[in-house]
Amino acid sequence: MAQPDKSAGRKPVAVIIPVFRNRGVTLACLQSVQETVADKKTRVVVVDDASPEPDLVEAVDIFTRQHGFQLVRHERNRGFPAAVNTGLQKVSGCDVIVLNSDTLVAEGWVEELRHVAHAAPNTGTVTPFSNDASILSYPSADKKNRAPDDEETKTLMLEAHAANAGQAVEIPTANGFCMYVRHDCLRQTGLLREDVFAQGYGEENDFCMRARALGWKHMAAPGVFVAHVGSASFGGTRAALMQRNAALLERLHPGYHAFIARWMAQDPLFEARRRLDLVRFRSQSARKGGKARAVLLVTHQHGGGVERVVQEQAAGFQKKGVRALVLRPAHHGCVLEDAAASADAWPSLRFRLPDEWAVLTRLLRAEGVALVALHHLEGYTSEIYKLADALGCPHTVHVHDYMWFCQRISLLGPQGTYCGEPDVAGCQQCVALAGRNITEEQDIPAYLARSARVLEEARAVYVPSHDTAKRMARHFPTVTFQVKALEKPRTMLPDAGNAPIFAEKHSALPPVGSGVLGHGLAQNAPRLRLCVIGGIGWEKGYGVLHEAALDAALRDLPLEFVIVGHTPDDATLMKSGRVFITGEYQEKDALSLIASVQAQAAFLPSIWPETWCFTLSLAWKAGLPAIVFDLGAPAERVRASGRGKVIDPALSGAALNDILIKMDFTA
C-alpha cells in the first residue's frame, strides 16, 4: 500500500464556503460560522459562483465586509467543484474545511474536526455527523432526517461532543457538505476534478478515492454535529446530477459502489450513533428533574390491536407524569423507544441479545423503571422473560392472544381451523405438523412451565374478556385472571347520523365498483351486502370469504361482500364478482368508509377465538349489527349486547351462504 506524503507540524485552518442560491439559508450559515470562528485564527473564504439572485449577492457582500471574511466572485457560473477549487487556491498551505452554504455549525466544531484530523498521521479527511449526510446521517442512517434549527443544532453539537469527543471512525469516503482536508493530503492529491463533475455531486468521493490510493485514510468525527438543509443550491437538478456522477464514479473507480455497500453492511458507525442516542435519550429524563419514574411496555413489532392498546396505556402513564418506554424486538435483539417521541427518534437504541443484556438492563435501571408491562413476547430471546427480575421491579401481563400456551399463537391447528386446545401431546403433534409461529424453539412442557412461572409471579394478569379468562385458566389453573375490557361501552355506540342501514335503503343502490358487484342480478333485486372490516388474512377469515364469494357467484345468490380494508390476495377475491375491496385506510376514515358501503350488516369471519376484536367495536360504532362465528370474545360480546348474530364456526361455502341470505336485519 502506498504511503502518504505527510508533513510535520500543523497548519492554520481555512473555511471555504461556495454560495449560489437561497439568501436566507446562506446568511444563516455565514452567521453560524462567524459566531464560532470569531477571535480565532481561522480564515473564511466565501466564493460567489455567479449567483443569479441579486439579493443574495448584495447580502453576502455586506456580511463578508462586516465580519472580515474574504469574498471571491466568479464572472460566470462554473459549478460547485470549481468554486471549491477557487477557494483552495486562495488558502494554499492551510488545512481546509469545505462547507456547504446550506449548513449550520455550532461552537467547537472546528476544534473537534481538527483534533480528529491530526490524531493519526495518515488521516486525510474528516467529516462530522449531520441530519443529511448519506453514510454519516444521524439519527437515522437510512433516510434523510429533519433539518434542525439553530438552537437544536447547538444542542446536538453539545450532545455529540459529550457522547463521542475524540472518537474517530474510519469511513470509505468523506461527504462534501462539511469536509475537513489536511493540507498535506490536499497537496499530494490535488484539487477537485471540476472538468469531470460539472456542477457537483461525487467530486469529493473521487477526491477521497484518489487520496486513498496514495495511502490517506478518511475519518468520521462523531463528536461533531453539523446541520444540513440539503440541495439548497441544486434544487430540481439534484437527482439528474447524482445519477450522472454516480456512473462517472464507478467508471473512474471500478467497484466503488460495492466498496461503499460492504462498509454500510458492517455499519462501523453504529456504536457512535448509539452513544449519541443514549446521551439524548437520558437527557429527556434529566429535563424532567430528579430521578425519572418510568414504566416499560414490552410488545411485538406487528402493530394491530396490540399496538393500539400499548399506545393507549402509554398515554395513560404519561398523563400521570410517568415516562412510558416501549421495547420491541429487532434483528438479533431489541430496540428501545419513548412512547412520547417518534418511533425513529433514537433508532440506534438497539441491543443485541443476549450479548448486550447487561447494557440494556443498566440503561433501564438508570431510567428508574418501576414496572414492566408484558404485552407480547413474540420475537424476543428467552432473556426477556427475566427482565422484571433483572430490574428488581414487579411486572404485569396483558393477554392479547394465546402465545402463553400455544406456540402457533392463535389456536389454529394443522388444517387451519380451531384446534380445540388439546393436551400437551396434541400440542406437540400440532407444532410438529404445522410449525411454530414464534421465533423461539422450545419444548412444549418447558415452554408451558416458563409461562406459568411468569404468570404466577405477575402483580396482575389482565385479559380482555371472560372467554379469554376461561381459556387461559384451563391451562394455568393457579393463576388469577382479571377481566378488563379494552374499550368502554360508550365508545362503541353509533355516532350521530350513523344509524343502522337497512335493506330498503340499500336496495336502490347501484353495484359498488361499476360492474364488479351484483353481476347477473336485477338492479332493484333485494340483495344482502355485508361489510368486512380490516386486514383479512387467513386467521381473520380470508379462506371463508373466498369460499363464500365463489359459491355466491356459482349459484347467483343475492349476496355480496365489501371489504373495508385489504387482504393478502385482493385480486383472487375480486375475480368472483362478489367482492369489492377499498384498500388500506386511515383509522380516522374508517367510519365514513363503512357508512359509504351502505351494508346491512358487518360480517367478521375470523376463525380463531379472538380475545377482543376492535373491528367489532368499529362495526357497532358505524351502526351495523355484526355476524360472527361462535368463537372467542366476539361471540361473547354479540350475545351480551344483542347487536348481531352468532353462527356455527363449522359453516363455510354454500352452507354459510344459505344461513347468511336468510338473515333479516330490518327489525
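The values are calculated or read from the model by the stated rules, or taken from the named source; none is laboratory data. Remember, predicted model here, so these are calculated numbers, not experimental data. Note that we place each Cβ from the backbone using ideal geometry, even for glycine, and neighbour counts take in every protein chain shown. Just so you know, the surface numbers come from the protein's heavy atoms only, side chains and all, with ligands and any DNA or RNA stripped out. Shrake-Rupley method; radii C 1.70, N 1.55, O 1.52, S 1.80 Å.
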Taking the stretch 413-431 and keeping only residues that are touching a helix residue (DSSP H, G or I) at 6+ places or on another chain (Cβ under 8 Å) and in contact (Cβ under 8 Å) with a residue 24 or more places away in the chain, one is left with GLY416, GLU421, VAL424, VAL431
Scanning the stretch 194-226 for residues that are among the β-branched types (Val, Ile, Thr) and crowded, with 22+ Cβ neighbours inside 10 Å, the one nearest to ALA106 (Cα to Cα) turns out to be VAL226
Restricted to the stretch 614-641 and to residues being aromatic (Phe, Trp, Tyr) and in contact with an Asp or Glu (Cβ under 8 Å, 6 or more places away or on another chain), the residue modelled with the highest pLDDT is PHE629
Within the stretch 124-142, residues open to solvent by 10 Å² or more (accessible area, probe 1.4 Å) and either under 17 Å from ALA106 (Cα atoms) or over 17 Å from the mean Cα position of the chain (by Cα) (or both) come out as ASP132, SER134, ILE135
Within the stretch 377-398, residues outside any strand (DSSP E or B), touching a helix residue (DSSP H, G or I) at 6+ places or on another chain (Cβ under 6 Å) and within 29 Å of PHE614 (Cα to Cα) come out as LEU377, TYR385
- prompt: Does the stretch 612-621 contain at least one residue that is among the aromatic types (Phe, Trp, Tyr), open to solvent by 10 Å² or more (accessible area, probe 1.4 Å) and more than 16 Å from GLU487 (Cβ to Cβ)?
  reply: no
If we keep only residues of the stretch 173-193 that are surrounded by fewer than 19 Cβ atoms within 10 Å (Cβ to Cβ) and in contact with a helix residue (DSSP H, G or I) (Cβ under 7 Å, 6 or more places away or on another chain), then the residue farthest from GLU107 (Cα to Cα) is ARG193
Of all helices (runs of 4 or more DSSP H) fully inside the stretch 219-303, the set with 1 or more residues that are under 30 Å from HIS115 (Cβ atoms) and modelled with pLDDT of 90 or more is 256-266, 270-288
TODO: Consider ARG408 carefully, then state whether it is charged (D, E, K, R), over 30 Å from LEU591 (Cα atoms) and surrounded by 15 or more Cβ atoms within 10 Å (Cβ to Cβ).
DONE: yes
Only unsatisfied item for THR127, checking (1) touching a Pro at 6+ places or on another chain (Cβ under 6 Å); (2) modelled with pLDDT of 95 or more, is (1)
*Is it the case that PRO139 is farther than 23 Å from LEU252 by Cβ and in contact (Cβ under 8 Å) with a residue 60 or more places away in the chain?*
yes
Do we have VAL335 as part of a helix (DSSP H, G or I) and in contact with a Phe, Trp or Tyr (Cβ under 9 Å, 6 or more places away or on another chain) here? no
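At least 1 residues that are closer than 23 Å to ASP401 by Cα, touching a Leu at 6+ places or on another chain (Cβ under 9 Å) and in contact (Cβ under 8 Å) with a residue 24 or more places away in the chain in each: list the strands (runs of 3 or more DSSP E) lying fully within the stretch 580-667 that qualify.
By residue number, 601-604, 626-629.
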Filtering the stretch 540-550 down to residues that are part of a helix (DSSP H, G or I) and either under 16 Å from ILE627 (Cβ atoms) or open to solvent by 40 Å² or more (accessible area, probe 1.4 Å) (or both) yields VAL544, LEU545, HIS546, GLU547, ALA548, ALA549, LEU550
Exactly one of ASP61, ASP39, ASP95 is over 39 Å from the mean Cα position of the chain (by Cα), under 20 Å from TRP109 (Cα atoms) and open to solvent by less than 60 Å² (accessible area, probe 1.4 Å), and that residue is ASP95
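Considering every residue within the stretch 23-35, establish whether at least one is modelled with pLDDT under 95 and among the hydroxyl-bearing types (Ser, Thr, Tyr). Before you say what the answer is, go through the steps one by one.
From the stretch 23-35, those modelled with pLDDT under 95 are none; that's our starting set.
The answer is no; no qualifying residue exists.
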Scanning for something touching a residue at least 60 places away in the same chain (Cβ under 8 Å), out of contact with any strand residue (DSSP E or B) (no Cβ under 8 Å at 6 or more places or on another chain) and either surrounded by fewer than 17 Cβ atoms within 10 Å (Cβ to Cβ) or not small (Gly, Ala, Ser) (or both), does the stretch 348-361 turn up at least one residue? no
Pairing a residue in the stretch 458-477 that is modelled with pLDDT of 95 or more with any residue that is surrounded by fewer than 18 Cβ atoms within 10 Å (Cβ to Cβ) and of a type in the set (A, V, I, L, M), where Cβ atoms lie under 7 Å and the two sit 6 or more apart in sequence or on different chains, gives VAL463/VAL483; PRO464/ALA485; SER465/VAL483; HIS466/VAL483; ALA469/VAL483; PHE476/ALA452
